[in-house]
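*Asks:* Have a look at this one before I ask anything.
Bear in mind that the values in this text are calculations on the coordinates, not laboratory data. As the structure is a computational prediction, the values presented were derived from the model and not from experiment. Note: ideal-geometry Cβ built from the backbone for every residue, glycine included; neighbour counts use all protein chains shown.
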Amino acid sequence: MFARASHRFAEMAKRPRSLFCRDSQAKALRAFPGTTSSHFSWNCARQGAFGRDRSGGAGLEFALIAPFLIILLFGIFALGWSMHSVSSVRYTLETSSRSLQLQNTLTQADIQSIARQKLQALGLKDVNVTIAIDPASGGFRMAHLTATYAFVVDFPYLDTFPINYATTVTVPLVGG
């Protein structure tokens, strides 16, 4: 069995490369009668259509499409980052409203400083928080906290795209 395997290995060096590819198995079987087709396809994986193409058309097509793919990739990343920022602003607004529920005497400046302190860790700076408190009805008041935030998408060599977000949280204020 070892002798037959070594004989096939020695024959492979004499055969042209195209004989080992799947698309030319019939040609290889005609050239070497009495052999099986199972050992002719192992070498085909190394030489794909891109590797055989010598005209440069595939490289040119990739060079034309690559900038658009890279811009698309950056756009997807920027959209994901903006959604993360919106979610972070919303979470900070909800935690600030919980602080307002616990201490009804907090002013708009106090809530703004609580929100700013939490958002600085995330790198978000220009978030504006406003409070509107409804008059008492049925023993409690309603507080509406609104946060506005401008997220700027900035691509190299392109314009900047500001996207404005606003979110509101409504909480009941009991007592006081």
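*Asks:* Between Thr168 and Ala132, how many nm apart are label points set 7 Å from Cα along the C-beta direction?
*Replies:* Here the answer is 0.5 nm between the modelled labels.
*Asks:* Which one of Phe151, Phe161, Thr130 is farthest out on the positive end of the charge dipole of segment 101-170, using unit charges on Cβ (Lys, Arg +1; Asp, Glu -1) and the Cα centre as origin?
*Replies:* Thr130
*Asks:* Note down the net charge around Val89, summing +1 for each Lys or Arg and -1 for each Asp or Glu among other residues with Cβ under 13 Å from its Cβ. Display every interim value, and only then the final one.
*Replies:* Working: positive: Arg90, Arg116, Lys118, Lys125; negative: Glu94, Asp126.
Counting the neighbours of Val89, the net charge comes to +2.
*Asks:* Once label points are set 7 Å from the Cα along Cα→Cβ at both Gln117 and Thr148, what is their separation, rounded to one decimal in nm?
*Replies:* 2.6 nm
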